[in-house]
Amino acid sequence: MDWEAEGLLDGLQGDAREARIGLLDALHCDGVTIEELRAAVAQERLVLVPGERALLSPARYTLAEVVERGGLGLEGTELRLRTLGVTVPEDRAVAAFGDEEVEAMKRARAYLENGIGLAEGRGVMRALSAAMSRVAEPMRRLFAESYLRPGDNERDLGLRYAEMTEKLMPLVAADLEYLLRLHLRDYERNDALGMAERASGTLPNAVEVSVAFADIVGFTALGEEIAEVELTDIAERLEALAAEHVRSPARVVKTIGDAVMIVSRRPAALVEAMLGLVAAVSAEEGMPPLRAGIAHGRAVARLGDWYGPTVNLAARLTQRARPGSVLVSNPVRDALGPAEAEPYRFSEAGLKRLKGISEPVPVLRVRRAEPDAG
């Protein structure tokens with residue numbers, strides 16, 4: 001192939017030109033079209049194409065062929081693909097899907113055969129797709145930085161990315177499966193399924209739960225004083241400290257830049273986690289102080305998040321907490337058994353008017369109990 005005539009060698013000389021030719025030849029022999037190569041060069045992503053092709057098989061099936069092989073029907077196939085975040089082209093005659101899409105449709109049919117409908121499972125698959133999208137970005141950066149060498153040419157780097165992707169993806173897939181099984185087991189161990197649920201055959205919409213938020217004091221103002229990279233480092237350090245200090249049955253629900261949300265069906269575990277997290281941030285050099293609020297009551301879990309007045313109250317308590325302190329609602333203390341409350345000291349923090357809550361709320365501050373002098 002005359003790559004110069006195709007306009008894909010412009011501005012290149014010597015070794016860089018030969019490396020580009022070698023990479024173009026290898027990709028073209030592997031089935032990448034000239035149009036795809038031209039687009040990759042124009043977008044300065046030619047070096048990433050080998051790794052891309054190592055992740056998923058090339059597109060070879062039309063939508064109709066996926067329907068035929070997957071056995072899910074046209075409507076079910078389109079619904080499942082969109083739920084997974086896979087683009088369905090307007091032109092149905094375009095071969096836009098690979099083997100993985102066919103296998104995904106077969107799995108969806110197996111779910112159906114085992115009693116989980118497409119509509120019922122749609123929310124879970126959306127949540128899973130969103131979670132994987134969030135994981136993919138730092139993983140992509142890790143891979144890119146780990147295998148980038150000074151002075152790399154396009155051919156060497158592109159082929160190295162492809163080789164490392166093929167070696168590492170089975171390890172990543174095994175880790176993902178392990179983590180999913182680990183967290184599912186954790187839920188099984190710490191959740192309850194009582195007589196009422198067994199009699200009705202349904203799970204309750206709302207359950208008793210403790211909810212906590214913690215946020216970095218002055219994070220917004222800090223963004224005007226320090227570089228973006230330093231601000232990002234602070235947010236990432238908070239996430240790391242939360243992962244380190246939050247122990248089952250408390251669970252990190254989400255991190256939102258300068259804040260973290262944690263829940264637990266057992267309030268003692270949440271009180272311990274928040275006091276530990278606030279103390280850890282205070283001891284961390286270069287970290288602004290943290291503040292936290294905890295509420296206990298009924299809340300609704302949906303697709304990995306929690307909703308309801310208890311969640312709102314925890315967020316509002318956090319906004320009123322002083323730097324380095326943890327505020328709780330009275331039901332948090334009341335939900336602790338005598339032995340569970342013993343390691344902590346609760347003090348009255350007065351009635352607080354909280355945004356979005358009509359009546360003033362009695363609030364407590366919780367600290368670790370000081371050991372007896374004797």
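The values are calculated or read from the model by the stated rules, or taken from the named source; none is laboratory data. Quick caveat, the model's predicted, so the values are computed rather than measured. Every residue, glycine among them, receives a Cβ derived from its backbone with ideal geometry; neighbour counts consider all protein chains shown. Accessible surface areas use protein heavy atoms only, side chains included; no ligands, DNA or RNA. Shrake-Rupley method; radii C 1.70, N 1.55, O 1.52, S 1.80 Å.
All of (1) open to solvent by less than 70 Å² (accessible area, probe 1.4 Å); (2) modelled with pLDDT of 70 or more; (3) part of a loop (DSSP other than H, G, I, E, B) hold for GLU224 with one exception: (1).
Determine whether LEU327 is open to solvent by 40 Å² or more (accessible area, probe 1.4 Å) and either of a type in the set (S, T, N, Q) or not in a loop (DSSP other than H, G, I, E, B) (or both).
no
Got at least one residue in the stretch 81-104 being surrounded by 13 or more Cβ atoms within 10 Å (Cβ to Cβ), touching a Pro at 6+ places or on another chain (Cβ under 8 Å), at pLDDT 90 or above and not β-branched (Val, Ile, Thr)? Yes, because at least one residue in the stretch 81-104 is surrounded by 13 or more Cβ atoms within 10 Å (Cβ to Cβ), touching a Pro at 6+ places or on another chain (Cβ under 8 Å), at pLDDT 90 or above and not β-branched (Val, Ile, Thr). Just so you know, in the stretch 271-285 the residues that are under 22 Å from LEU231 (Cα atoms) and without any contact (Cβ under 8 Å) to a residue 40 or more places away in the chain include one that is least open to solvent (accessible area, probe 1.4 Å), and it is ALA280. Within the stretch 346-374, the residues that satisfy the criterion of being over 33 Å from the mean Cα position of the chain (by Cα), farther than 15 Å from ILE294 by Cβ and not small (Gly, Ala, Ser) are GLU348, LEU351, ARG353, GLU359, PRO360, GLU370, PRO371, ASP372. With respect to LEU112, is the statement that it is of a type in the set (A, V, I, L, M, F, W, C) and either in a helix (DSSP H, G or I) or within 30 Å of ILE21 (Cβ to Cβ) (or both) true? Yes; evaluated as a whole, the condition is true for this residue.
Within the stretch 137-156, the set of residues being open to solvent by 50 Å² or more (accessible area, probe 1.4 Å) and assigned to a helix (DSSP H, G or I) comprises GLU137, PRO138, MET139, ARG140, ARG141, LEU142, GLU145, SER146, GLU154, ARG155, ASP156. Within the stretch 290-308, being outside any strand (DSSP E or B) and surrounded by 15 or more Cβ atoms within 10 Å (Cβ to Cβ) holds for one residue alone: GLY308.
Residues checked against (1) in a helix (DSSP H, G or I); (2) among the β-branched types (Val, Ile, Thr):
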{"site": "PRO58", "(1), (2)": "no, no"}
{"site": "GLU65", "(1), (2)": "yes, no"}
{"site": "PRO89", "(1), (2)": "no, no"}
{"site": "VAL94", "(1), (2)": "no, yes"}
{"site": "GLU103", "(1), (2)": "yes, no"}
{"site": "ALA131", "(1), (2)": "yes, no"}
{"site": "GLY158", "(1), (2)": "yes, no"}
{"site": "ALA162", "(1), (2)": "yes, no"}
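Quick one: count up the residues across the stretch 41-52 that are open to solvent by 60 Å² or more (accessible area, probe 1.4 Å) and either without any contact (Cβ under 8 Å) to a residue 12 or more places away in the chain or more than 10 Å from TYR161 (Cβ to Cβ) (or both). Lay out the reasoning, then the answer.
Restricting attention to the stretch 41-52, the residues satisfying the condition of being open to solvent by 60 Å² or more (accessible area, probe 1.4 Å) are 42-45, 48, 52.
Applying the additional criterion that residues be either without any contact (Cβ under 8 Å) to a residue 12 or more places away in the chain or more than 10 Å from TYR161 (Cβ to Cβ) (or both) yields 42-45, 52.
Within the stretch 41-52, residues that are open to solvent by 60 Å² or more (accessible area, probe 1.4 Å) and either without any contact (Cβ under 8 Å) to a residue 12 or more places away in the chain or more than 10 Å from TYR161 (Cβ to Cβ) (or both) number 5.
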